[in-house]
Amino acid sequence: MSSLMDRSRRARFEIGFAVMPEDPDLVVMLLADLATAPRRDVPVGRSIRRFEPGDGLAWVAIHRAAGGDEEHDADQFAHEFGGSQGDLRDRQFFALDAQEQPIGTATAWFAQPETSRALGRLGRLHWLAVVPEHQRLGVGSALTSAVLDRLLDLGCESAYLTSSVRRQGALRLYEQFGFVRTPVRDVLAVEHAR
């Protein structure tokens, strides 16, 4: 067990320092063992499917509705996912309501090379968002499960994510899946003290 904790501490350090900018609101969270995370079913009346061509606009709309700002636009989607259409079909999920309209999204993305050294096969839970009228109904949990399952299928052993201290509901959700918070400013403080 101590070996797992040591790997977790080392990964939190490398994730925070190598990849994340200094931002007092930014939180890095790590799930050291994907196999231990609970799984959640899709709520009744909703479904989950993978990315389809044209879903970039739905991604933007979901993120804006979920409290994003004007920076959530087609340019940001292109910057985040670029020419990765094949990867998106394999790794990005959309939750749909009963009318099959997109109401949430999350992506099983790649870890930065610097982070993968710390825990071996490390994936990333990236850009989870659910529109407000469907929040707290199990949609975010179902999307998180879909992403974690996909990361396991891809051979990942661990996962990380970034969020904001202002998103307390999201942080509680991630903690329910076993993610551990590590504020970036604390990680940076450790690095500067070395």
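The values are calculated or read from the model by the stated rules, or taken from the named source; none is laboratory data. Owing to the predicted nature of the structure, the values given are computational and were not obtained by experimental measurement. Here the Cβ is made from the backbone with ideal geometry for all residues, glycine too, and neighbour counts use every protein chain on show.
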| query | Condition test on Asp41, is it modelled with pLDDT under 95 and either part of a helix (DSSP H, G or I) or among the acidic types (Asp, Glu) (or both)? | reply | no
| Taking Ser2, is it more than 24 Å from Ser141 (Cβ to Cβ) and modelled with pLDDT under 85? | yes
| request: Give the residues of region 147-169 that are crowded, with 21+ Cβ neighbours inside 10 Å and among the aliphatic types (A, V, I, L, M), sorted by residue number. | output: Val147, Leu148, Leu151, Ala159, Leu161
